[in-house]
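The values are calculated or read from the model by the stated rules, or taken from the named source; none is laboratory data. Not measured: the values here are computed from a predicted model. Please note: Cβ atoms are built from the backbone with ideal geometry, for glycine as well, and neighbour counts cover all protein chains shown. What goes into the accessible areas is simple: the full protein's heavy atoms, side chains included, and nothing from ligands, DNA or RNA. Shrake-Rupley method; radii C 1.70, N 1.55, O 1.52, S 1.80 Å.
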Amino acid sequence: MNIKEVLCALDSFAPLPLQEDYDNAGLQIGLTEAEVSGALLCLDVTEATVDEALNRGCNLIISHHPLIFHKLRRVADEDYVQRTVRKAIINNVGIISMHTNLDAVEGGVNFEIARRMGLGKIRLLGRRKEVVGRNGADGIIGELPEAIAADDLVEMMHKSFDVECVQCNQLLRHAIKTVAVCGGAGSFLLSDAVRAGADAFVTGEMHYHEFFGYEQKIQICVIGHYQSEQFTPELLASVLGKAVPGLRCEISDINTNPILYL
């Protein structure tokens, strides 16, 4: 099959019009008619990721975060993005990214986080979009099988997402049943979670001052941007396995998280 067929399969699941205006999802590098020898699935694309794809015999990389996100003024060797773009082009490696469209779509990244938390009765939260019969929203809200204490929720996040630490506000003194979720940098959705009656809000990234003012209103759990989206390659593998079963998919072994916990 060719890159165009893979791109169409991904777009059928998470249509590109679902992406945010600032985003740059879709085909990043490559020719749509190029035949695909295999696809390496990853969260971020770096020079090491391109090397891994080549070593595994894959001439296509499918990532969550776009390699080309900000405007490229030149393609030289001034930063890792430029070097990675050059390496991919020189070695005829195509790159596709499924970013905020995959975050937003029903069954996408936020739903994967919810599944790993065991949430049920899931509904969309925040701004909603519908494209070609596919629904999406900023985040989701669901219910735990049974109410749990705040410290038990924190322990669940440690175990379910293998995180080194969980950033929290003051622990709630009442049980938690309803949880709102937004993977990645989701602090913009916190007020929506409060209005929706969520007991807790789980996301990957928040600024210091955004933690203030929610004491005993909602339990905030920030687990890390990378950690909240680390299972996205497995999600992509599941989508492609159903849509294009003939495509050989490999999940990257490289941890691209640039943040160290020392």
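Reported to the nearest whole Å, the Cα centre-to-centre distance from region 231-262 to region 187-213 is 28. For the pair S160 and A175 in one chain, pulling the backbone fully straight at 0.36 nm per residue adds 3.5 nm over the alpha carbon distance.
Counting only DSSP beta bridges whose two residues both lie in the chain, roughly 50 percent are antiparallel.
Label-to-label distance for M1 and E35 is 1.6 nm, based on points extended 7 Å past Cα in the beta-carbon direction.
Excluding ligands, DNA and RNA, the accessible surface per residue across region 107-262 is 49 Å² with a 1.4 Å probe.
Modelled spin labels at R56 and D253, positioned 7 Å past Cα toward Cβ, are 1.0 nm from each other.
Cα centroids of region 1-67 and region 97-160: 24 Å apart. Calculated [222 nm] ellipticity per residue, helices only, for the chain: -8500 deg cm²/dmol; basis is -39500 (n - 2.57) per DSSP H run with n ≥ 4, divided by all residues, nearest 500. Here the simple spin-label model places points 7 Å from the Cα toward Cβ, and for R123 and E234 these points are separated by 2.9 nm. Average accessible surface for region 10-95: 48 Å² per residue, computed with a 1.4 Å probe over protein heavy atoms with every protein chain in place.
When Rg and Dmax of the Cα atoms in Å is computed from the coordinates, the matching label among [x] 19.1, 79; [y] 18.9, 58; [z] 19.4, 70 is [y].
Helix 80-90 versus the longest principal axis of the chain: what is the Cα-based angle in degrees, 0 to 90, to the nearest 10? Its long axis makes an angle of about 40 degrees.
Magnitude of the charge dipole for the chain, about its Cα centre and with charges confined to Cβ atoms of Lys, Arg (+1) and Asp, Glu (-1), is about 520 debye. Here the accessible area of the chain is 51 percent carbon and sulfur, with a 1.4 angstrom probe and all protein chains present. Exposed loop sites here are chymotrypsin sites (Phe, Trp or Tyr not before Pro) assigned a DSSP state other than H, G, I, E or B and surrounded by at most 16 other beta carbons within 10 Å; excluding them, the longest clear run of the chain is 70-211. Lysines near K121 by alpha-carbon distance under 24 Å, same-chain residues fewer than 8 away left out - which ones? Leaving aside lysines fewer than 8 places away in the same chain, those within reach of K121 are K129, K159, K177, K217.
Looking at region 165-241, the trypsin sites (Lys or Arg not before Pro) that sit in a DSSP loop and have at most 12 other Cβ atoms within 10 Å of their own Cβ are R173. When the chain is treated as a GNM with alpha-carbon contacts under 10 Å, the residue of S238, S187, S97 showing the greatest mean-square fluctuation is S238. Quick one: helix 3-13 against the long Cα principal axis of the chain, what's the angle to the nearest 10°, folded into 0 to 90? Result, in degrees: 20.
Counting only alpha carbon atoms, the long axis of helix 232-243 and the longest principal axis of the chain meet at about 60°.
Could you list the trypsin sites (Lys or Arg not before Pro) in region 1-89 that lie in coil according to DSSP, counting only those with at most 12 other Cβ atoms within 10 Å of their Cβ? In loop regions of region 1-89 (DSSP not H, G, I, E or B), the sparsely surrounded trypsin sites (Lys or Arg not before Pro) are K71, R73, R74.
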